[in-house]
Every structure is written in C-alpha cells, then in structure tokens.
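Worksheet for the structure shown next.
The values are calculated or read from the model by the stated rules, or taken from the named source; none is laboratory data. This one's a predicted model, so the numbers in the text were calculated from it and none came from an experiment. Here the Cβ positions follow ideal geometry from the backbone for every residue, glycine too, while neighbour counts run over all protein chains shown.
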Amino acid sequence: MGMNVGSGSAEPDVMVELNTTPLIDLMLVLIVMLIMSLPPQTHAVKLDMPVTTPPENPEKPPVIDIVVDFDGTIYWNSEVISGGDQLKSYLSQAAHAEPRPEIHLKPNKLAKYDYVAKVLATAQRLGVKNIGILGNEALE
C-alpha cells in the first residue's frame, strides 16, 4: 500500500473558488432595506356613511325578569307562573308590546338545562327578540 504525500513542491495549490459569503450578506441587507422602504399597504374601503343624531332623552325599555328555580318553577317578575300556557301568554304579550321589553332570564345554578331550554324555545317560537341570560353572579 502506498501513501500520497503531495507533489513534492513546497508551494500550495492556488484556490480558484470565489468566497460568496460577503455577497450573500450584502444581498440580505439590500432586501431588508427594500422591504423597510416600501409604503405600508392599507386595505381600507372609503364609505360615506349617513350621520345620525341620537335622541335627546332615550327611553329605556321595560325589563322583565324570568327566574327558573332548581325545581323548574318559573317566576315572572317575582310572580309564580302556574303553567306553560300562562308563560306563553306572558311571552306573547311581551313580544308584541311597544316598546319591546328586555327579558332577563336568570336560571338557578342547580336548575336543569331542560327547564331553561324550554323557556328559551317558547320565547323563540313566540317571536321574543330581546332576551338575555344572566349568570348567578348577578343574583347576589
């Protein structure tokens, strides 16, 4: 077995490859400068909206509190509702009243979901629009 130790001359071979690292660094700096000099793109649609003035004395709608207790008992403004027909008549009157009242549904934290869902479904069928569910923190 033989070993190659060189050509025997003391001069190393000339390297003909170009060092591209500084060129790449320069190109990256130029790209960053180009990106920073571009104006920001805004995607705005200019619309001329009508100007309205709010009423001087806005009339607040009446508030109706519906409480669903843990055993399914329903209270309409602290008055016990005896059955589903009475709830339907109250909700129907509220749906057609002017101004439309805000209905605050306050379920007890131990009430079954079925009781609350039935009240919401009845209100939706009768056309009640302004209804909101209040959590237990509002009752304290």
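Worth pointing out:
- Checking each residue in the range 82-111 for being within 23 Å of residue 70 (Cβ to Cβ) and in contact with an Asp or Glu (Cβ under 9 Å, 6 or more places away or on another chain) picks out 103, 104, 105, 106, 107, 108, 110, 111.
- When each of 63, 67, 14 is tested for being farther than 18 Å from residue 131 by Cα and either touching a strand residue (DSSP E or B) at 6+ places or on another chain (Cβ under 8 Å) or among the aliphatic types (A, V, I, L, M) (or both), the lone residue that passes is 14.
- Considering (1) over 15 Å from residue 120 (Cα atoms); (2) touching a residue at least 12 places away in the same chain (Cβ under 8 Å); (3) hydrophobic (A, V, I, L, M, F, W, C), the lone condition that residue 49 does not fulfil carries the number (2).
- Residue match in the range 86-95 (condition: at pLDDT below 90, more than 19 Å from residue 135 (Cβ to Cβ) and surrounded by 10 or more Cβ atoms within 10 Å (Cβ to Cβ)): no
- Within the range 118-137, if we keep just the residues that are part of a strand (DSSP E or B) and not small (Gly, Ala, Ser), the residue that is nearest to residue 95 (Cα to Cα) turns out to be 131.
- In the set 110, 134, 120, only one residue is among the aliphatic types (A, V, I, L, M), out of contact with any Ser or Thr (no Cβ under 7 Å at 6 or more places or on another chain) and touching a residue at least 40 places away in the same chain (Cβ under 8 Å); that residue is 110.
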